[in-house]
Amino acid sequence: MYSTSDLVFLFFSKKSYMKKSFFLYALLFLSLNISFSQVSDSDVLLTISDEPVLATEFIRVYNKNLDLVQDDSQKEVESYLKLFLNYKLKLAEAKSLGYDKDLVYLKELKTYQNQLTQNYLTDKNVTEELVLEAYERTVNEVKAQHVLVRVENFETDTLQAFNDVLAFKDRLKNENFDSLKKEIHDGKNIFVEDLGFFTAFKMAYNFESKAFNTKIGEVSNPFRTKFGYHVVKVLDKRKSKGLVSVSHIMIANTQKDNKLVAKDRILELHRLLVQGEDFGALAKQFSDDKSSSARNGELKPFKSGQINSTKFENTAFSLKEIGDISEPIQTKFGWHILKLIKKTPVADFNKIKNDLQKQVGKDSRSKLVRTKMFEKLLSEYNLSKKNQNLVSFQTEVVFDVSNRNWDLSNKINNTKIFLQIKDRSYTFRDFIDFLNKNSKSINKKWKKKFIIENQYNLFLEQLLFQYKKDNLEYENQEFANILNEYREGLLLFELMQDKIWEGAKNDTLGLKVFYNNNMKNYLWPDRIIGSIASSSSYKTIKKVRKSWLNNHSNDKIDKLLNTRKQNVIFSKGEFELGDPPLPKNLILSKHPITGVIKENNNFFVVKIDEFVPESQKTILEAKGQLISDYQNELESRWILELKSKFHVDLNEEVFQKVKSIISK
């Protein structure tokens, strides 16, 4: 395991070697704004080789990570200071080794910075309205048909297309859909399509809005999207399916025991369930899906489209009453029996709000959000959409048709200031260059005045957002804090990867020495090789025991006792003591066949062919845990080296202030 300091300051686990996206997610949503009334912004808590660390940073990080510290003793300020110091020592080492100058690191940091910036370049009020609307359209579905007359997005003369689709409005409402489609659909210019049911984010936003806002049985007026002009007919509206919760028992298609046939085992289990056996108990004992078997086979709730098996999903949603059990079904994973636990509507808004926000940011809705933010930035930087220099620009700018190039007449100096945003100036030449860069996107049919005004709005919007982006770290303290956490976290990740994690994995000699010195920590537990019989009937399990004593095989006993009814289930293989499907209160004796063991409502008997006592794991068998332990050992030694390398000076007076603030 990583040291607690890494867990606290990096938010990752060692087993997965930390997915950086998760690390960023944690930083983003755990940010806090805290005021420190007794500590000034200039109070230095400690210095590491003359580099100051402010008290405000320590208090902010302490409060932010308090709930993540599992060991109560480490919540004490003195203990936490040690963790914080170790963290800062590692950062000092990363910088001394030049990790902060590495081009790959700088590129990755820039990527994360751009991702973070997007959260601060949106109007939250508009986003909130769109998110609420999207939620309403997630809990409901609309079924629709439409007619589309294709029009290129840049076309301005679209009267004919508008009139064409207007003529189809009444026909779509009153005529047979299949006949209309056969007559006018050509797949090139005119499309007649049945769209089925859909929810939010499945269509272009303005199309979605028309569909949801049109009454059942009605046809909308013509409207335009980027594809052309549409009329849409709404056939039905309904509530979404929502979530379904099920438990399942899975028998994998491939088994270690070659004699065990997955289909036969699932049919055995199904007969037991029909006879009234407990679903959860059977799931714990027999299900090959170990991620769910410990929870009585229960899976996380899912909605339509989330399960990688249509058959499994359809079976789950087809169960009607709580407790209903499905017939056995087969998927690519194995054979399953499902039990309905609960059906719920679409999740509460607060539970899916973050996901909806992300979808709104990627959807065409984002244009509305950007427009509102643009207006906000104009006000913040005291600017107007109107530019007094635009009039003279329009007069003096010319377009060379042959070269498709814009330029100014000699009457205007290219270096003259055209636009000013705070401390940044942009010249007439800058706008000319922008025009030429975007000349390919300009339609030849557009008038000069329209082109200039349209391109200037894009020019101004782009520069405003870029200025805000470049200055966020200086204008917004919350952003600055999170960005610094990204900066430091990525540095530490790369250093730990090289110094400890990969180092431990690749240090073959060191691993061997560590293994030899700590062999007692790497042992196989006691195991048995044999068979387990379980039944809800005491008489049945007694018969099994007697048959085993008479040297009858499992197959022979199965045919004898399970012909008409599933009375007993056999499991055969190697089992660690204490693990299912062995009964928990199994007591080993010299006799190879145990007595009858009762556990909950079931009875067991175990036939032990071989007892395998506790034994030493080889270095290969212990590799996972061994590497983890060796990493901890290396890190402990490394911290001692860093404390010798970097001089640390703690300001006791400031630390006492910090303690008084945190203790309140």
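The values are calculated or read from the model by the stated rules, or taken from the named source; none is laboratory data. Worth saying up front: this structure is predicted, and the values here are computed from it rather than measured. With ideal geometry, Cβ positions are generated from the backbone for all residues, glycine too; neighbour counts draw on all protein chains shown.
Of all residues in region 220-231, those that are in the same structural domain as residue 166 (by TED's automatic domain parsing) and charged (D, E, K, R) have Cβ atoms under 7 Å from Cβ atoms of residues that are surrounded by fewer than 21 Cβ atoms within 10 Å (Cβ to Cβ) and modelled with pLDDT under 95, 6 or more apart or on another chain, in 226/153; 226/204. Pairing residues of region 434-445 that are under 13 Å from residue 403 (Cα atoms) with residues that are at pLDDT 75 or above and surrounded by 15 or more Cβ atoms within 10 Å (Cβ to Cβ), at Cβ distances under 6 Å and at least 6 apart in sequence or on separate chains, gives 436/406.
Scan region 371-391 residue by residue and report those that are among the basic types (Lys, Arg) and farther than 12 Å from residue 457 by Cβ. If the condition is that a residue be among the basic types (Lys, Arg) and farther than 12 Å from residue 457 by Cβ, then 372, 376 are the ones that fit. A search for C-beta distances below 7 Å between a residue of region 412-428 that is closer than 17 Å to residue 395 by Cα and touching a residue at least 12 places away in the same chain (Cβ under 8 Å) and any residue that is β-branched (Val, Ile, Thr) and part of a loop (DSSP other than H, G, I, E, B), counting only pairs 6+ apart in sequence or on different chains, returns 427/415; 428/412.
Residue 339 - would you say it is outside the structural domain of residue 298 (by TED's automatic domain parsing), among the charged types (D, E, K, R) and at negative phi? No, not satisfied. For the residues 486, 456, 467, the requirement of being over 28 Å from the mean Cα position of the chain (by Cα) and within 30 Å of residue 41 (Cβ to Cβ) singles out 467. Here 237, 263, 256 are screened, and the one residue that is within 32 Å of the chain's Cα centre (by Cα) and either modelled with pLDDT of 90 or more or farther than 27 Å from residue 301 by Cα (or both) is 237. When the residues of region 245-261 are filtered to those that are among the β-branched types (Val, Ile, Thr) and farther than 18 Å from residue 280 by Cβ, the one that is surrounded by the most Cβ atoms within 10 Å (Cβ to Cβ) is 261. The helices (runs of 4 or more DSSP H) falling completely within region 121-226 that include 3 or more residues that are more than 34 Å from the chain's Cα centre (by Cα) and crowded, with 19+ Cβ neighbours inside 10 Å map to 159-174. Out of everything in region 227-245 that is out of contact with any Leu (no Cβ under 8 Å at 6 or more places or on another chain) and not in a loop (DSSP other than H, G, I, E, B), what residue ends up being farthest from residue 167 (Cα to Cα)? The residue in question is 243.
Here's the yes/no breakdown for (1) in contact (Cβ under 8 Å) with a residue 40 or more places away in the chain; (2) among the β-branched types (Val, Ile, Thr):
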| position | (1), (2) |
| --- | --- |
| 266 | yes, yes |
| 279 | yes, no |
| 283 | no, no |
| 288 | yes, no |
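Being in contact with a helix residue (DSSP H, G or I) (Cβ under 7 Å, 6 or more places away or on another chain), of a type in the set (Ser, Thr, Tyr), over 25 Å from residue 56 (Cα atoms) and not in a helix (DSSP H, G or I) is a property that residue 426 has. Looking at region 449-457, is at least one residue modelled with pLDDT of 90 or more and surrounded by fewer than 19 Cβ atoms within 10 Å (Cβ to Cβ)? The answer is yes, given that some residue of region 449-457 is modelled with pLDDT of 90 or more and surrounded by fewer than 19 Cβ atoms within 10 Å (Cβ to Cβ).
Residues in region 382-416 that are surrounded by 15 or more Cβ atoms within 10 Å (Cβ to Cβ), in contact with a strand residue (DSSP E or B) (Cβ under 8 Å, 6 or more places away or on another chain) and not in a strand (DSSP E or B): 383, 387, 389, 393, 414. Taking each residue of region 128-143 that is on the phi > 0 side of the Ramachandran plot and looking for partners that are β-branched (Val, Ile, Thr) with beta-carbon atoms closer than 7 Å, six or more apart or interchain, yields nothing.
Checking each residue of region 575-583 against the condition of being exposed (fewer than 12 other Cβ atoms within 10 Å of the Cβ) and within 19 Å of residue 260 (Cβ to Cβ) gives at least one match.
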